[in-house]
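**Student:** Pasting a structure below so you can have a look.
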Amino acid sequence: MRRGSIVALLGIALIAGGVATAVALLPTWLPEAASREAGRIDFVFWFVIAICIAIFAVVVAAMVYAVARFRVREDDFEDGPPIHGHTGLEITWTVIPFVLVTSIAIVSAIVLSRNDAQARDTLRVNVTAQQFAFTFNYPDAKNVTSPVLRLPEGRSVELYMRSLDVIHSVFVPQFGQKEDIVPGLVTQLHITPDRLGTFPLECTELCGLGHSLMRTEAIVMKPAAFDAWLRQQGKGAAPAPPTSTTSTTSTTSTTSSPSASGLSVFNANGCSTCHTLSAAKASGKVGPDLDNLVAYAKQAHQPLTAFVHQSIVDPNAYVQPTFPKGVMPQNFGQTLSKTQLDALVTFLVQSAQHSGKQKGSKKG
Ligand code: CUA
């Protein structure tokens, strides 16, 4: 090959590689990693991208050079020279891709196994997904339950995820990982958060009408702040035995009045995703407006409390006209305890009567 040709090939390769590198680096394609796993995954991503840019540059150089140098001249109807092949070239273009693909496989396997490796003090979090909310439960801390995923910075965390209805998928872009939650299975996801902050946590599996609203947050906290939060929640969440009158914790806790715990049941079970209820500052539009429960109960010809109870445990028994059947989850009768259900019903009845009165007074 002439020296000029080599210079031309190199020049084209450098330009093509430079353009591809600029496209790869100038826009911010990936969110800033907030977990060790995301950092490793980003490394695999850039490792593969670098290989792709190199191959792209070589292919573009060969193509552009061949098109320019070997194009057919005018009035040239000759056949090309008979060529059998080039053993050296063929070995080269087999060995190089083999080495590259194998190295990608090895790097990925190392990252996968390190990402799944739990530390000895791994924090366990049980995740429950249902249409259309996530609930996070900390079994080692008095079963504290939260609608937001709070994690301590720097600690290995394993999510054990269950679905109560259909397939969901959990995704925090800054953690770099995504895992489906499948009915009948317990799927797992290992995270070691390494940056403080609040990050979006969303469902990424089309799971029904409220799918786009099935989102919450992952909050990475300083370990001390996280422990303090767990302790605080543990106090409030301590289930007050219904027969006990001597409980000292419930008298100091502000969350033990029926309407307050009804509100927390409302929030923890994702009701606010789909329903409007001013008492809970909820503005969901997927399901009926719960500020109008008094009117709905009249339309259904039922007493208010019985109507609210039935609408939670057997939502298809009466569906408000203009709303489709079968959207509201039908398993709250199983997933809520009797105490939770009663608190929720009481809360809804009280706030419905309250907002009914307000509307009435505005009219008059
Ligand atoms: Cu759950 Cu989409």
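**Student:** For a quick check: with amide H placed at 1.01 Å from N, whose amide H comes under 5 Å from Ser163's, ignoring anything fewer than 5 positions away on the same chain?
**Tutor:** Answer set, sorted by chain and number: Ala129, Val182, Gly184, Leu185.
**Student:** To continue, here is another question. Can you put Cys203, Cys52 in order, fewest other beta carbons within 10 Å first?
**Tutor:** Cys52, Cys203
**Student:** Treating the angle as unsigned and between 0 and 90°, give the value, to the nearest 10°, between the Cα long axis of helix 223-237 and the longest Cα principal axis of the chain.
**Tutor:** Helix 223-237 sits roughly 30 degrees off the main axis of the chain.
**Student:** Let me ask something additional. So how many Lys-Lys pairs in the chain land under 27 Å Cα to Cα, not counting same-chain pairs under 8 apart?
**Tutor:** Step by step, the pairs that qualify in the chain add up to 27.
**Student:** What ³J(HN,Hα) values, in whole Hz, does the Karplus curve 6.51 cos²θ - 1.76 cosθ + 1.60 give for the range 12-29 when θ = phi - 60°, with x put for Gly and Pro?
**Tutor:** 4, 4, 5, 5, 4, x, x, 4, 4, 5, 4, 4, 6, 9, 5, x, 8, 7
**Student:** Against the longest principal axis of the chain, how steep is helix 87-116, in degrees 0 to 90 to the nearest 10, with axes from Cα atoms?
**Tutor:** Once rounded, one gets 20 degrees.
**Student:** Using the Karplus curve 6.51 cos²θ - 1.76 cosθ + 1.60 with θ = phi - 60°, what ³J(HN,Hα) values do you get for each residue of the range 164-170, in whole Hz, with x for Gly and Pro?
**Tutor:** The phi angles translate into 8, 9, 10, 7, 10, 8, 9 Hz.
**Student:** Hey, another quick one. Quick one: order Thr322, Thr198, Thr135 by neighbouring beta-carbon count within 10 Å, fewest to most.
**Tutor:** Thr322, Thr198, Thr135
**Student:** Quick one: Karplus J couplings for the range 197-204, per residue in order, coefficients 6.51, -1.76, 1.60, θ = phi - 60°, nearest Hz, x for Gly and Pro?
**Tutor:** These are the phi-based 3J(HN,Hα) values: x, 10, 10, x, 10, 9, 7, 10 Hz.
**Student:** For the chain, what is the calculated [θ] at 222 nm in deg cm²/dmol (nearest 500), taking -39500 (n - 2.57) for each run of four or more DSSP H residues and dividing by its residue count?
**Tutor:** Result for the chain, helices only: -15000 deg cm²/dmol.
**Student:** Tilt of helix 304-313 relative to the longest C-alpha principal axis of the chain, in degrees (0 to 90, nearest 10)?
**Tutor:** The angle comes out at about 30 degrees.
**Student:** Before anything else, pin down the relative contact order of the chain: Cα pairs under 8 Å, at least 6 apart, normalised by residue count, whole percent.
**Tutor:** 13 percent
Every number here is computed from the coordinates shown, using simple stated rules; none is lab data. What you see is a predicted model, and the numbers here were worked out from it, not measured in a lab. Reconstructed Cβ throughout: ideal geometry from the backbone, glycine too, with neighbour counts over all protein chains shown.
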